[in-house]
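Below is one structure; the comments refer to it alone.
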Protein chains: 2
Amino acid sequence: FSTWKSHTGAYVGKLLVVPMDGSHWVGMKAISQEMGRRGHRVTVVMPEITILIGPGEHYETLIYPLPFDKAFVDFIMSKNEDVLGKYDGEDGGKDFVYSIALMWITLKLLLIPQRFDAVLTDPMVPTGSLIARKLGIPTVNLLRGIPCFLDMQSTGCPSPPSYVPRFFTGLTDKMDFKQRVINTLVSALEPLLCRLIYWRFDQIAKEFLEEDVGVAEVLSDSAIWLHRIDFTMEFPRPFMPNMVPVGGINCNVRNPLPEDLEPWVSGKQGFVVFTLGTSMKKMPDEITQVFLEAFRQIPQKVIWRYSEVAPDNTPENVKMMSWVPQNDLLAHPGARAFITHAGSHGLFEGLCHAVPMVMVPIGGDQPDNAARMASRGVGVVLDISSITAEDLLQGLNEVINDTRYKENMKRLSALHRDRPIDPLDLSVYWTEFVMRHKGAKHLKAAVHDLNWFQYFCLDVIALLATIVLVFIVLTAKCLKFCCRKLSRKRKQD
Amino acid sequence: FSTWKSHTGAYVGKLLVVPMDGSHWVGMKAISQEMGRRGHRVTVVMPEITILIGPGEHYETLIYPLPFDKAFVDFIMSKNEDVLGKYDGEDGGKDFVYSIALMWITLKLLLIPQRFDAVLTDPMVPTGSLIARKLGIPTVNLLRGIPCFLDMQSTGCPSPPSYVPRFFTGLTDKMDFKQRVINTLVSALEPLLCRLIYWRFDQIAKEFLEEDVGVAEVLSDSAIWLHRIDFTMEFPRPFMPNMVPVGGINCNVRNPLPEDLEPWVSGKQGFVVFTLGTSMKKMPDEITQVFLEAFRQIPQKVIWRYSEVAPDNTPENVKMMSWVPQNDLLAHPGARAFITHAGSHGLFEGLCHAVPMVMVPIGGDQPDNAARMASRGVGVVLDISSITAEDLLQGLNEVINDTRYKENMKRLSALHRDRPIDPLDLSVYWTEFVMRHKGAKHLKAAVHDLNWFQYFCLDVIALLATIVLVFIVLTAKCLKFCCRKLSRKRKQD
């Protein structure tokens, strides 16, 4: 078997990484780097045109060609940017095209004599999972969660709708009756939603694997699920033994701040960090002006990730940069507030460094994330489509000057950081575990041998109900018979 | 607040330990010792007469008087030993007497000016939990599991009867229809079983706490549940965020073997370890003879924990001792087989050191434990009430000479020992966590705000069913009305 020992004597092997692009790559990269640093041979499969995925120090890349060019990708992305609230570029249509290309690359992988010990992938786009099944390699998933709860279905994890809020509902774990009705309806529609989201992949799976199998079943093969969640942010819910919460994976991945940022962070009044994620490239001018107007009225400096040319009326306390070292800025003691689109990575970085937040969710899981943080009293949520300078100013003043936000945040941050093992180390540990033991079968619940009828014991209930019914009917007949006999006897008397 | 820093600068505080006696004390002692070693002030509450609980190096004891003497305890224990299969001495009636005494000691604790940061206890006997609630201190539970699944009820952890086998059924996670009927019936009877087991404690709770509260509600207060299980032995099942599996806590608590055992363990053929737990003091003579007869026919040496005088006809290869260093013996490379009553502690030690097992469960959770290990192909189960020398000889030969048992055991042991953090360290970590943060509220699911009707969304389902019904009725009425109109019109035509 093609594994070997490193010079330190630790187990080393070969890991294939099939990532998703955009922010999904952030955690995946951290694990890939660390696995490589520990002596494993890490191969990252990536398309020739990417948003964030790129080469790194401790892994090799396997680049596959695309059936289109950069101009086409830019066109799709620019189209996405037209409609505010629809910035789903990172999870959108092009991933599907990538996946077809990945099918193609699998053939290449099959020709390579080296055998991989495990595949690390993001199951949201199940390309990696399909390749793993084709090659007969155990899978480690890294994900935030699949909107239609396909992850919960594939792990067999119970998710009672009475206190486990569904994606896109913005609900918390404490729901009134009306909210529970909504949540239950959404949960009832989940299987349908999964079908809609994954029907093309279901087809691809059947063709590619040459067996009658859908994505749900392929995913239920997975050995370990690394969930980028943490219960300081996510509401407590049941978990299965092969699900490992690793939220906040890049909290400790730190670098010193660039020197030119020094004057911006060393002011007495502190500063505000403002970023809107990798998927939002261009902000509509009128919204830019709303933000600038509010910033003009606060004493803090503002560091804003803004990829266009800075408007002429940009106030002096605002510095616009096409890229900001977000985690390092938030780690600076001068950080007073964090204006964020509430993507999970950003929230974890804010949580890690205890910076109160003004959240302007745009799409995807962001409204849910924002609702979770707001329910903890560590930030406020604003609607970006109707935002005014007054709202923003009030929100900023609140989280900066009302000490309760900072105090709640410090408490929550202390809980978040107080874990028996660093989430990055934990992710690496379980990836290595799967490589060492060729899977983790002993952690997989026996739910997959059951159909839904058996799972809910409906057959058992039907039997017991029948028995009770037969018993009642027989008793009634008996009584009737006795009564008749008795009354006949009386007549005879 | 009465906490202080140790010389190493780490957080230290005060821990109150309210243990259960017998084998339950083993893991509790390991945690108490380690907590004390790390500089915490650990106070173990114990009665003046005990089976295993005693003073240790790193903790202080608070001894309370009992309303009876040692003769009485011996009498109870000797009575228990009369009937094979009823060796419930460690969980039996006397614990109840202890608990009343503990109520009494609480008053003493209330008079002590020191404030404890947490209570570490075994919730099976909820004395510690009641004291914690009375004193307003967060609780850490260490337990194997409560037979009526009260732990699952109190944590709000789903336990689908379709693949989560119940206590005392001896079932596995793969059940046929008949077995699922049994398991479902047992699970339906659990609430009643809990009532029966805990009705006296429910009364005590009401009186002692002076509020209308039962044991289930008191236990749902608990911050962290350390479950002495591991998924190499336990079947995979849902877990809640505040439940931590820490099975195999004393795997690494090791000492060198006493010198007089050296000739017994150094033989070429290896040796068999034979123990039947702390609760079995005297074995009936006829069963002793069955074992001796079998041992006479094997080439291995046997080290037998036997507290009575060795019978005259004890063969030369058998050494009887009133106490054996079980974990250290199993860790010896010469250990070929482990004859055990399948108590969880013994099984974890055998699992830790990869020794195949012949299991003779006596009572309690032992038949279930044995079924779990047997389903992994690492040992055989024999019925002690009808055991013959031939059965035993065959069982021993099988696990010693059929290499599959050893191979399965080595594989399972490797999985068991491959964990990101040692279970003892993990237990200490979460105990310290609760002390540091005054609980772990963020890990508690919002199930306790819901009654069972709301939990299963029965109110929502009722509403939706009503809406559907009203819709159907209205549609039917409409159609009827239209039909009538139509037919009337035709008649008029």
- Query: Has the stretch A:278-300 got at least one residue that is polar (S, T, N, Q), open to solvent by 10 Å² or more (accessible area, probe 1.4 Å), closer than 30 Å to residue A:122 by Cβ and out of contact with any helix residue (DSSP H, G or I) (no Cβ under 8 Å at 6 or more places or on another chain)?
  - Reply: yes
- Query: Any chance the stretch A:133-156 includes a residue that's at pLDDT below 90, more than 21 Å from residue A:229 (Cα to Cα) and either among the hydrophobic types (A, V, I, L, M, F, W, C) or surrounded by 24 or more Cβ atoms within 10 Å (Cβ to Cβ) (or both)?
  - Reply: yes
- Query: Does any residue of the stretch A:449-459 turn out to be touching a strand residue (DSSP E or B) at 6+ places or on another chain (Cβ under 9 Å), more than 7 Å from every other protein chain (Cβ to nearest Cβ) and not polar (S, T, N, Q)?
  - Reply: no
- So which of B:246, B:215 is open to solvent by less than 20 Å² (accessible area, probe 1.4 Å) and either facing chain A (nearest Cβ under 9 Å) or more than 25 Å from residue B:347 (Cβ to Cβ) (or both)? B:215
- Looking at (1) surrounded by 20 or more Cβ atoms within 10 Å (Cβ to Cβ); (2) under 18 Å from the mean Cα position of the chain (by Cα); (3) aromatic (Phe, Trp, Tyr), which is the one condition that is false for residue B:163? (2)
- With the checklist (1) out of contact with any His (no Cβ under 9 Å at 6 or more places or on another chain); (2) facing chain B (nearest Cβ under 9 Å); (3) among the basic types (Lys, Arg) in hand, flag the one item residue A:410 doesn't pass. (2)
- Message: Going by what's in this entry, would residue B:23 be described as crowded, with 16+ Cβ neighbours inside 10 Å and at pLDDT below 85?
- Response: yes
- Query: If you go through the stretch B:366-412 one residue at a time, how many are among the polar types (S, T, N, Q) and in contact with a Gly (Cβ under 9 Å, 6 or more places away or on another chain)?
  - Reply: 4
- Item | Failed criterion for residue A:470 (all others in (1) more than 32 Å from the chain's Cα centre (by Cα); (2) at the interface with chain B (Cβ under 10 Å from one of its Cβ atoms) hold) | (2)
- Evaluate the following for residue B:426: is it outside the structural domain of residue B:276 (by TED's automatic domain parsing) and touching a residue at least 24 places away in the same chain (Cβ under 8 Å)? yes
- Considering residues that are farther than 21 Å from residue B:367 by Cα and touching a helix residue (DSSP H, G or I) at 6+ places or on another chain (Cβ under 6 Å), the number found within the stretch B:166-208 is 5
- Note on the structure: Residue pairs within 6 Å by beta carbon, gap of at least six or interchain, first lying in the stretch B:248-264 and within 16 Å of residue B:419 (Cα to Cα), second charged (D, E, K, R) and in a loop (DSSP other than H, G, I, E, B), listed first then second, are B:248/B:230
- Query: Given (1) open to solvent by less than 40 Å² (accessible area, probe 1.4 Å); (2) more than 10 Å from chain B (Cβ to nearest Cβ); (3) over 22 Å from the mean Cα position of the chain (by Cα); (4) not acidic (Asp, Glu), where does residue A:442 come up short, assuming only one miss?
  - Reply: (2)
- Item | the stretch A:249-262: number of residues that are open to solvent by less than 40 Å² (accessible area, probe 1.4 Å) and under 24 Å from residue A:415 (Cα atoms) | 3
- Item | Scope the stretch B:338-359; condition more than 13 Å from residue B:248 (Cα to Cα) and either of a type in the set (S, T, N, Q) or at pLDDT 95 or above (or both); matching residues | B:338, B:339, B:340, B:355, B:356, B:357, B:358, B:359
- Criterion violated by residue A:397 - all others in (1) more than 30 Å from residue A:351 (Cα to Cα); (2) more than 10 Å from chain B (Cβ to nearest Cβ) satisfied: (1)
- When residue A:471 is evaluated against the numbered criteria (1) exposed (fewer than 11 other Cβ atoms within 10 Å of the Cβ); (2) assigned by TED's automatic domain parsing to the domain that holds residue A:15; (3) not basic (Lys, Arg), which criterion, by number, is the only one it fails? (2)
- Can residue B:466 be described as under 30 Å from residue A:173 (Cβ atoms), hydroxyl-bearing (Ser, Thr, Tyr), in contact with a strand residue (DSSP E or B) (Cβ under 6 Å, 6 or more places away or on another chain) and in a helix (DSSP H, G or I)? no
- Item | Pairs where the first residue, in the stretch B:151-174, is away from chain A (no Cβ under 14 Å) and the second is among the charged types (D, E, K, R), C-beta under 7 Å, 6+ apart | B:167/B:365; B:167/B:368; B:168/B:368; B:170/B:368
- Message: For residue B:405, only one of the following conditions fails: (1) touching a Leu at 6+ places or on another chain (Cβ under 7 Å); (2) of a type outside the set (A, V, I, L, M, F, W, C); (3) at pLDDT 95 or above. What is its number?
- Response: (1)
- Query: If you go through the stretch B:27-50, how many residues are within 20 Å of residue B:141 (Cβ to Cβ), without any contact (Cβ under 8 Å) to a residue 40 or more places away in the chain and open to solvent by 10 Å² or more (accessible area, probe 1.4 Å)?
  - Reply: 4
- Taking residue B:203 as meeting all but one of (1) polar (S, T, N, Q); (2) free of Cβ contacts under 8 Å to residues at least 40 places away in the same chain; (3) crowded, with 20+ Cβ neighbours inside 10 Å, write down the number of the exception. (3)
- Applying the selection to the stretch B:422-439, what residues are within 8 Å of chain A (Cβ to nearest Cβ) and either over 22 Å from residue B:151 (Cβ atoms) or open to solvent by 40 Å² or more (accessible area, probe 1.4 Å) (or both)? B:425, B:436, B:437
- Subset of the stretch A:353-379 (residues that are without any contact (Cβ under 8 Å) to a residue 24 or more places away in the chain and either in contact with a Lys or Arg (Cβ under 8 Å, 6 or more places away or on another chain) or within 16 Å of residue A:412 (Cβ to Cβ) (or both)): A:359, A:374
- Please find, within the stretch A:394-407, the residue that is nearest to residue B:437 (Cα to Cα) out of those that are buried (at least 17 other Cβ atoms within 10 Å of the Cβ) and not aromatic (Phe, Trp, Tyr). A:406
- Please specify each residue of the stretch B:414-437 satisfying the condition of being under 25 Å from residue A:226 (Cβ atoms) and hydroxyl-bearing (Ser, Thr, Tyr). B:427, B:429
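The values are calculated or read from the model by the stated rules, or taken from the named source; none is laboratory data. Given the structure is predicted, the values throughout are model-derived calculations rather than measurements. Backbone-built Cβ (ideal geometry, glycine too); neighbour counts: all protein chains shown. Side chains included, ligands, DNA and RNA excluded: accessible areas come from the protein's heavy atoms. Shrake-Rupley method; radii C 1.70, N 1.55, O 1.52, S 1.80 Å.
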